1. Keeping every protein chain present and rolling a 1.4 Å probe, give me the accessible area per residue for the stretch 303-372 in Å².
2. What accessible surface, in Å², does a 1.4 Å probe find on Thr76, ignoring ligands, DNA and RNA and rounding to the nearest 10?
3. Give me the one-decimal nm value for the distance between modelled label points at Lys402 and Lys37, 7 Å along each residue's Cα-to-Cβ direction.
4. Determine which aspartates and glutamates satisfy two conditions relative to Lys529: a Cα distance under 14 Å, and not lying fewer than 8 residues away in the same chain.
5. Once amide H atoms are built 1.01 Å from N in the peptide plane, which residues 5 or more positions from Gly539, or in another chain, come under 5 Å H to H?
6. Among 30-36, 428-434, how do they line up from the highest to the lowest mean number of other beta-carbon atoms within 10 Å?
7. Take the alpha-carbon centre of the stretch 495-562, take the same for the stretch 171-196, and report the distance between them in whole Å.
8. Hey, can you rank 473-484, 303-314, 219-230 by average C-beta count inside 10 Å, highest first?
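The values are calculated or read from the model by the stated rules, or taken from the named source; none is laboratory data. The shown structure was predicted, so the numbers you read here are calculated from the model rather than taken from an experiment. Here the Cβ is made from the backbone with ideal geometry for all residues, glycine too, and neighbour counts use every protein chain on show. For the accessible areas, the whole protein counts, side chains as well, though only heavy atoms, and no ligand, DNA or RNA atoms are used. Shrake-Rupley method; radii C 1.70, N 1.55, O 1.52, S 1.80 Å.
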Amino acid sequence: MAEAHTDAPSKDDEMRLTEAEIAVHWKEEEYFHPIPKFIGQANLTDPSIVERFSEKNFPECFREYADLLSWDKYWTTTLDSSNAPFWKWFVGGKLNVSYNCVDRHLEKYGNKAAILWVSEDESEPVVAITFQELYARVNEMAAVLRDFCGLKTGDRVTIHMPMVPELPVTMLACARLGVIHSVVFGGFSGEACGARIVDSGSRVLISMDGYYRSGKVIDHKVAADIAVKKAEAEGTKVEKVLIWRRFREKSASSTPLVEGRDFIVDELLKKHAGARVAPVSMPAEAPLFLMYTSGSTGKPKGVQHSTGGYLSYVTAASKFIQDIHPTDIYWCMADIGWITGHSFIVYGPLALAATTVMYEGVPTHPDAGRPWRIAERLNVNIFHTSPTAIRMLRKLGPDEPKKYNLRFKCMTTVGEPIEPEAWLWYYRTVGRSQASITDTWWLTETGGFLCSTKPAIDPMKPGSTGPPMPGIYPIIFDENGKEIPPGSSKAGNICIRNPWPGIMQTIWGDPERFVRQYYGKYNKDKNSKDWRDWPWLAGDGALIGKDGYIRILGRIDDVINVAGHRLGTKELESACLTVPEVAEAAVVPIVDPERGRVPEVYIALKPGIKADQAVADKVTKAIETEIGKIARPRTVRIVPDMPKTRSGKIMRRVLASISNSMDYGDITTLANPEVVEQIRVQVQGAGPVEKKAGPEDIRRFGETT
Ligand code: PRX
């Protein structure tokens with residue numbers, strides 16, 4: 001493709017080492033094998049799935065996934081590539097997602113818990129919601145959305161809520177009507193929520209008055225007011241704000257309601273008590289939801305997921321990789337505000353009639369034994385969490401798991417690479433060497449897992465995600481589009497050669513960016529209708545071992561993975577630039593033993609401005625306001641100038657090397673090489689470079705810039 005690929009990793013970066021140039025050395029880890037007891041009960045034990053999903057059977061192999069769902073109308077075409085790369089799956093088929101996650105289970109599992117909700121406040125009792133009760137609540141909420149808000153199929157709704165059962169109820173109510181939901185992570189600021197309201201064109205915002213976080217009740221309604229104001233300032237009028245109440249009897253917020261705009265959901269529900277709303281039969285390729293995520297530009301992108309393809313894919317991933325049966329008690333400790341929560345707290349597990357556990361608060365509140373107490377009490381047998389949570393729980397309470405009667409049969413990790421050391425603690429101390437662990441690699445864009453071991457079939461290898469999922473055909477390319485073969489110990493840009501049902505449909509409102517960002521780098525014929533011409537660029541550096549296991553090194557673009565959450569450096573930099581004193585800003589990742597990566601900010605001030613702590617504090621505050629506390633930088637460093645290329649590009653890689661005590665390499669081609677040593681002394685002191693990390697270490701976690 002001829003146009004400039006502004007979102008794709010840039011080629012003009014004179015000093016960048018390409019992934020392919022870095023030989024990655026790591027110790028081969030030993031294999032661990034699933035135990036017979038697990039294999040004996042597993043959903044997927046037949047290794048012929050690999051053959052069934054091999055390229056010669058593509059795309060029809062994915063019928064097997066779609067057949068896990070209940071269709072109102074069976075599809076006619078499995079994959080339509082006529083408008084590549086806007087793939088359409090299961091064309092002609094019709095179904096409803098809320099019907100598949102709720103109604104269809106009523107006959108057999110109506111009296112079984114669908115959701116077990118755990119408050120952060122340990123004195124509050126656990127709330128159990130059966131499928132029958134979930135059905136009633138989803139219907140009543142759907143009636144509110146349809147009859148009170150006037151929402152209809154194809155409208156967008158922004159949901160900014162904490163981890164409470166009312167969140168999946170609201171999502172499923174949207175899905176019942178074919179209304180597209182856009183859930184914004186509850187920890188994001190009002191401004192960040194407002195920007196997403198504008199981009200999605202939502203007329204309705206659904207929020208909550210407050211929630212528990214680290215033992216305190218947070219006033220969340222404030223964020224709704226800020227969001228609406230921000231949206232209005234940018235030309236989008238929010239007509240109605242629906243506020244759920246955290247406590248029935250009292251308001252958790254002191255922020256007043258705005259007359260005629262804000263409505264308490266419980267009061268609206270009273271008027272629709274007992275309402276039943278027929279699920280709208282949606283085309284398989286109708287959008288189900290938007291999930292905003294960070295990319296290489298300052299503006300988060302609305303990743304659009306489909307109805308039939310997405311639900312088929314996450315249902316299959318939940319069944320075959322997480323080994324979910326209807327009788328299991330399954331707990332994914334993520335937040336529903338991220339893709340993991342959408343796919344693996346709500347849609348996948350509920351489509352399989354599992355009992356899904358939701359926890360409101362911080363895993364280490366009030367102590368590092370909390371998750372294990374929850375697991376013991378609720379008899380959780382499948383557990384899903386992130387390496388950051390594992391590292392944190394291990395650090396704060398290495399022996400805590402031993403105090404509880406844990407009986408996990410399988411456990412999952414997601415979001416970041418996991419070090420073998422943390423993996424072994426998870427396996428031995430949490431899993432009692434009985435549980436199969438799957439390290440699942442995927443992205444917001446992919447709907448569900450792309451790589452993972454099949455828990456009853458493949459041995460586990462700490463630190464490697466595993467082989468590709470059935471029907472996923474990865475390839476590693478170097479910068480020039482040449483394949484780096486498996487077993488060559490060179491890393492490159494991982495791509496998936498084929499589309500799959502869970503793949504995003506487009507970027508909401510920006511199809512060109514979608515094509516450019518994911519296909520711009522390796523597609524050679526933009527008119528091709530053959531899927532083989534459209535390798536999908538994941539945005540991670542990776543390599544494939546001799547055994548076919550894939551090791552993910554981290555992002556190759558301007559994305560920092562903080563505690564398993566994606567933050568765009570450009571987003572953080574634009575937040576810094578809202579501070580009037582700041583002339584230039586550069587954000588780099590620093591290696592952190594618990595959170596994987598944390599952002600560090602470099603700023604250069606406008607002429608005549610004094611460098612003092614007050615400016616640095618303003619920058620931190622601006623980041624918290626524009627994005628949220630999750631993006632808070634470790635340090636804000638005020639420097640005399642940024643290291644720049646002759647074309648004026650800030651060399652973030654040099655700054656990242658300094659922040660991480662690494663060699664900054666050859667800087668002779670810079671426009672201002674002298675500033676580099678000045679910054680190094682400012683950050684590391686006057687002594688010689690204390691080399692803490694080597695290029696392999698930083699590559700393990702990504703970032704090249
Ligand atoms: O760098 C990869 C990392 O998380 C990124 C995707 O982030 P997000 O879209 O927020 O989705 C997170 C949950 C799916 C990827 O580009 N990542 C995700 N899973 C793994 C991982 N890195 C290594 N190992 C994993 N298992």
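1. Here the per-residue accessible area is 13 Å².
2. Counting only protein heavy atoms, Thr76 exposes about 110 Å² to solvent.
3. Distance between the two pseudo-spin positions: 2.0 nm.
4. Lys529 reaches Asp80.
5. Placed amide hydrogens put Ile494 under 5 Å from Gly539.
6. Per-residue Cβ counts within 10 Å, averaged per peptide and sorted highest first, yield 428-434, 30-36.
7. That distance is 25 Å.
8. Per-residue Cβ counts within 10 Å, averaged per peptide and sorted highest first, yield 303-314, 219-230, 473-484.
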